[in-house]
Structures are given as structure tokens and as C-alpha cells.
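The values are calculated or read from the model by the stated rules, or taken from the named source; none is laboratory data. Everything numeric in this text was worked out from a predicted model, so none of it was measured. A quick note on method: Cβ atoms are made from the backbone with ideal geometry, for glycine too, and the neighbour counts reach across all protein chains shown. Surface accessibility is based on the protein's heavy atoms, side chains included, excluding ligands, DNA and RNA. Shrake-Rupley method; radii C 1.70, N 1.55, O 1.52, S 1.80 Å.
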Amino acid sequence: MTAPELPRLNNRQVAEIFADIGDLMLILGENRFKIIAYQNAARTIAELNQDINAVHAAGALRDIPGIGQAIAEKIDELLTTGSIPFYNKLTEQVPAGVVAMMRVPDVGPKTAKRLWEELDITGVEGLKAAAAAGRIRELKGFGAKSEEKILKGIELLARRQNDRTPIGSARPLAEGLIADLLSALPPGTIQKIELAGSLRRWRETIGDVDILAVSEQPVAVMEAFRALPQAVDILGAGDRKSSIALPNGMQVDIRVVEARHWGAALAYFTGSQAHNVAVRERAQKQGWSLNEYSLTSDGHPDFPDGTDRFFETEEALYAFLGLDWVAPELRENRGEVQAARQHSLPRLIELADIVGELHSHTTFSDGKATLEEMAAAAQAKGYEYWNVSDHSIGLGVTQGVDAGALAEQRAEIDRLNGEYAAAGIDFRLLLGTEAEVLADGTLGLPDDVLATLDVVVASIHTGLRQDRETITERCLKAVRNPHVDILGHPTGRLIGRREPSEIDLERVLQACAETGTIVEINANPARLDLSGAYARRAVELGCKLAINCDAHSVDQIDLLPYGVHTARRGWLTAADVINTRPLDEMLGMLKDRNIRNIAR
Ligand SMILES: [Zn+2]
Ligand SMILES: [Zn+2]
């Protein structure tokens, strides 16, 4: 007798079940550490580079980093029997609609639980009706304002539900795919290969992944591509084009073109559509029609209609049209074609321009590595300076540094800097803090303590849902504090998970420009805060920026490219960013340098 065949779950579906478990436990107020374990498992599975079913079949669930015994057993239950009794028990206790309510921005698990228990609301539709009818204000601590916020949150939630993948998940998967494809083929089979589309432009979220390659053996490339272990589904199988679905549900298309088509094809598949339209219009004016293979004469005075021109590189194509090559990050039709024509495109910042980090964490607050471990890793990466900026007190969820802890850090930093100097190593640790901007705009550490620090980052982590006026005033107060050097992740957004605060960025950036407060581009791909567009605005207003990894562990030091490419999307040059400068020059650009020198 054979068991009835179970519907096959993909990684994303398995991840969703574990995320649900975490959410249900949150609503039920279960152990925080267990909840975190389930949330981490969900994220790990969603980003896994192999089919979870294959890993399971190979008995290798425990080899996945971050999957412990308890969770491995539950994955096994799920994939073997189609259900998890523990999950079923949780779902029996909480109506499904209550979990959905919890996902409404500004609601969260505690409020969802109260709405359900005290007002008997068990779903988003019911919540919407109750808020519209003014019923939520019956709940202690809630008023007309909360109802307004809930209605707005429901709207946001509906708008957000699309299939785009955050770049921080999409990029490693796509890069891994290319590496695996290359190693699956004899060397030399592929002459050129690149990510195209929004990934090449470093957009914050990605739809489908587009890969473009040059090879004289396209069929072999197609076969190897479709045979990749990541391909859980084949969506298209041609001689030059194939499409697969990855375990997380993301679609990847590959196209193999001839070498002479590379320039036009790469431009075509990189987009954006709006950029391509602008370039095509320019071609048309010159008597050419531009397609994915070539320029074809179409009304050109010197070439009979239908004559093709091919380009082995994008540079050659742009040059033929009288344009400078446009970096992919700029291809959004925001003035780049005109600038390319006038030869006035900026020389964009590059990864190698960054020489120091101004925002990082250690085990003194919520970091995973000790100060010494972080310093060693930073040095190995080639940084010249590194600001240790653990959270100040005032951030409820994590322990923070107070004056005493800062003194301990200072002693350790002085000792390590002494060792570096003695060994002739060109690397300096700085002591700073990520000072919490409290609800009233004061900071988590007093001014006389801040005055003793090298670089002070000030950030808002709580009360992000204050109204526009309140949160803007709160932030302005911090920006105007002479001891605050850098405004950290200004909007507080988490891409795909938390909307930015309602802060009036225009006013805040103006104040930063006036006071000389540096504005951060936080490189963590979950944040990318400021975004490229706002970074560009900040520079227009006269601000300087810093690109920071905000690393909470050694491996997060590798997140820097996300920040640099975001800066490039904002048209930034190295001169706009202070941590491209040598240490002394960078310190000289901080606003309270003079005050501090007196204080020391
Ligand atoms: Zn922060
Ligand atoms: Zn931080």
C-alpha cells in the first residue's frame, strides 16, 4: 500500500509555516528565545540555496546553519506527513485572521490579541469595519487616532502584497546560481555572463532575475542551467532561453546571445524600461531603431533601411549614439541620458573608496562578536578606521552602554590601538555610540558623556509610528545637538516589513545641511536607509553622507556593497561621503570637533 502523495512544499511555503509558528507564539506570549529560533528558521529556509526537500531526503537538515534539533524534527514531520502537530495545536488556539491582523502595520501581536479577546475581532476585514465604525476606541489606550492609523495600515498592507524579493535575498541567490552554472560547465564554455535587470541596477526589490551570457554552445548552457539543483521547476526550455523557479519561488531567466549582440542585449535587458525608451528615442532621431540585438537603420540618410550595426560592448553602443556610458544604477530616466549627452555624468563612488566604518556593534550591546573580534575582522578587510558605536541605554529591547561601559570600551580600544601602533599597523579604533533618540528628542546618554566620544551616531528605533510633526521635531532636536555627528538610518524602514516613519525628511535633511550633521546610508539590505533617491536629495541640499554597514556580526561587514550601490543610485561621488576620507580629514568634518578637542 502506498501513502497518498503529499503536495510538494517549496522553500517559501515551508518558511511561511515556520514564520506562522513564530507569529502564533508571539500572540500567545510564549518564550521569546523560542520565537526568535522559529523566526530565524523561517528566514534561513526562505533564503536557502537548495531545495529543502532534497536536503531533507539527504538527511542533511541539521547541516543547515541555524537549524537546530527541534526545528529539524518539525521540518521532517512536515515533509514526511504534511503537517506539524505543534503547529496544528497553535492554530487551534488562535483564529487565522488574528495572525493576519498582527501583520497590519502598527497593530502587532499584543494589540491583535487584545482586539480578538476584548472586542472579538478575528480578521482584517472585521478590523477595518470596527475601525471605520469607531469601535476600536472602546479599547483602553486607543482613540480616534489609532483607528485612523489602523485604517491606513490596512491600506499599506494591501499595497505591499506583491511578489518582489528584497535585494538582500535575491542577490546572493543569483550570484550563487551563476557560480554553480560556471562550475557545472567545462571552463571556457561561457565567455561572458552577467546579471541584468533590476539586480544589475541594484534596485531595493527584485521581480524576476535576468541573466545574460555569451557562449558558442548555447544548448549545453541551457541544459546545465536547467539541471542546477536550485531549479525546482522548469518554466521554459529553449535553445537560447530558459526559465526556472528557485526554491523560494523566484523566477530566473537566462539568455545566451552571440558576442556581437552583447552590447545591445545587455543594455536592453538591464533596463529600466524608461531609460531604454529615452535611449531609443535618441537613436530614432539619428535614423536608427534600437532593439535587443542591434541598431537597425530606419530613415538614416547614409544607410539603406534595415542595415544592422552590432556592438560587442555597451560602451560602444552608447558611444555610437553620442552618449557616455551610463552606470546601471543610474538607468531610471532621471536625467542620466541628458547628462550622458552633455558628458556631465558624475564619477560615481566605488566600493574601494570607502576606507572607514562609522557605525558598528559589539557584545557590549546587541552585537554577536566581541570588540576585539570585530576589530580584527575590520582590519583584515582593509579598513583604516572603525567606529565602535554600541547602543546607548534607552533602547528597551537590548542592553545598552552607559558611561561605565563606555569607560571599559575606551580602555580596551586604547590598549588595542597601542598594539596596532607598536606593530606599525595603519588601523585605528574609534569610540562612539549609537545614541538612542528618546521619545522627546533627548538622547540616551548625557551631553558630557557624548562629548568624550569620537563619533556619535543618533538613531530612532522606537516610537517610529509617532505622527509626522512629533517624530520630525524629535529628530530635529537630535540633529541640532552639537554632539551628534551622524543621523543613523533616518526613516527606520525595513524593506518589505516595516514602512518608513512619517518623518518630514526634507526638513530633517535641511537641518542636517545647516548643522553639518552627517546623514547615513545604512548598508544593511533590509534598511538601505536613506534610499538612493533621498541620498541624492540630501546632497542637493548640501549634506554630507556616511555609508555604514551597522555590522552586528563579523559577516555583516560584507554588506557594504549594498550601501555603496545605493549611494550610486543616488548619483553620489566619493566626495559626498565622509568615510572615503583619511582618518584626520574625516574627523575634521564632524561638527563638534572643536568642542570635543576642548573637552579632552
Ligand atoms: Zn540602529
Ligand atoms: Zn546600529
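In straight Cα distance, which aspartates and glutamates are under 13 Å from Lys241, not counting same-chain residues fewer than 8 positions off?
Qualifying aspartates and glutamates at Cα under 13 Å: Asp210, Glu223, Asp253, Glu258.
May I ask for the distance between the Cα centers of the range 247-265 and the range 266-331, given as a whole number of Å?
About 18 Å separates the Cα centre of the range 247-265 from the one of the range 266-331.
Restricting to DSSP loop positions (anything but H, G, I, E, B) with no more than 11 other Cβ atoms inside 10 Å of their own Cβ, which GluC sites (Glu not before Pro) remain in the range 232-302?
Within the range 232-302, no GluC sites (Glu not before Pro) qualify (loop, at most 11 other Cβ atoms within 10 Å).
Just how large is the dipole of the range 165-257 about the Cα centre, in debye to the nearest 20, putting +1 at every Lys and Arg Cβ and -1 at every Asp and Glu Cβ?
With Lys and Arg at +1 and Asp and Glu at -1, about 200 debye.
Return the tail of the calculated pair distribution for the range 263-341, meaning the percent of Cα-Cα pairs more than 18 Å apart.
Details: 980 of 3081 pairs.
Here the tail beyond 18 Å accounts for 32 percent of pairs.
Which of the peptides 559-566, 420-427 is most tightly packed, and how do the rest follow, judged by the mean count of other Cβ atoms within 10 Å per residue?
559-566, 420-427
How big is the charge dipole of the chain about its Cα centre, in debye rounded to the nearest 20, if each Lys and Arg gets +1 on its Cβ and each Asp and Glu gets -1 on its Cβ? Kindly include the intermediate steps, with their values, before the conclusion.
Numbers: 65 positive and 86 negative charges, 231 e Å.
The dipole magnitude comes to about 1120 debye.
Taking just the alpha carbons, could you work out the radius of gyration and Dmax for the chain, both in angstroms?
Spelled out, the Cα radius of gyration and Dmax of the chain are 26.6, 85 Å.
Run the accessible area of the chain with a 1.4 Å probe and give the carbon-and-sulfur part as a rounded percent.
50 percent
Please turn the phi angles of the range 211-223 into ³J(HN,Hα) values with the Karplus equation 6.51 cos²θ - 1.76 cosθ + 1.60 (θ = phi - 60°), one per residue in order, whole Hz, x for glycine and proline.
After applying 6.51 cos²θ - 1.76 cosθ + 1.60, I find 10, 10, 9, 10, 7, 8, 10, x, 5, 4, 5, 4, 5 Hz.
From the protein chains alone at 1.4 Å, what is the descending order of accessible area for Lys128, Lys192, largest first?
On the way: Lys128 95, Lys192 70 Å².
Result of the area sort, largest leading: Lys128, Lys192.
Near Ala133, within a Cβ-to-Cβ distance under 15 Å, what is the net charge of the other residues, with Lys and Arg +1 and Asp and Glu -1? Present the calculation step by step, with values, prior to reporting the outcome.
Working: positive: Lys128, Arg135, Arg137; negative: Asp120, Glu125, Glu138, Glu147, Glu148.
Once positives and negatives cancel, what remains is -2.
Sorted by mean Cβ packing within 10 Å, highest first, what order do the peptides 526-538, 196-208, 573-585 take?
Details: 526-538: 23.2, 196-208: 21.2, 573-585: 17.7.
Averaged packing, sorted descending, gives the order 526-538, 196-208, 573-585.
Please report the net charge: other residues with Cβ closer than 15 Å to the Cβ of Phe310, K and R +1, D and E -1.
-3
Give the span of the range 165-257's Cα atoms along each principal axis, as three whole-Å numbers ordered largest to smallest.
That gives 34, 24, 20 Å along the principal axes, largest extent first.
As a quick test, which of the pairs Lys192/Lys368; Lys74/Lys149; Lys113/Lys145 have an alpha carbon distance above 31 angstrom in this structure?
Lys192/Lys368; Lys74/Lys149
Whole-Hz ³J(HN,Hα) for each residue in the range 352-369, computed from phi via Karplus 6.51 cos²θ - 1.76 cosθ + 1.60 with θ = phi - 60°, x for glycine and proline: what do you get?
Each residue of the range 352-369 in turn: 5, 6, 6, 10, x, 10, 10, 8, 8, 10, 9, 5, 5, 10, 9, x, 9, 10 Hz.
Which lysines, if any, have their Cα less than 21 Å from the Cα of Lys591, not counting same-chain residues under 8 positions apart?
Lys477, Lys544
Tell me the per residue accessible area of the chain using a 1.4 Å probe; a whole number in Å² is fine.
On a per-residue basis, the chain sits at 44 Å².
Taking Rh as the Kirkwood radius, which is the inverse of the mean 1/r over Cα pairs, what is the Rg/Rh value for the range 363-426?
Rg divided by Rh gives 1.01.
Given a Förster radius of 60 Å and the C-beta distance between Asp447 and Glu258 as r, what FRET efficiency does 1/(1 + (r/R0)^6) yield to the nearest 0.05?
That pair, Asp447 with Glu258, gives E of 0.35.
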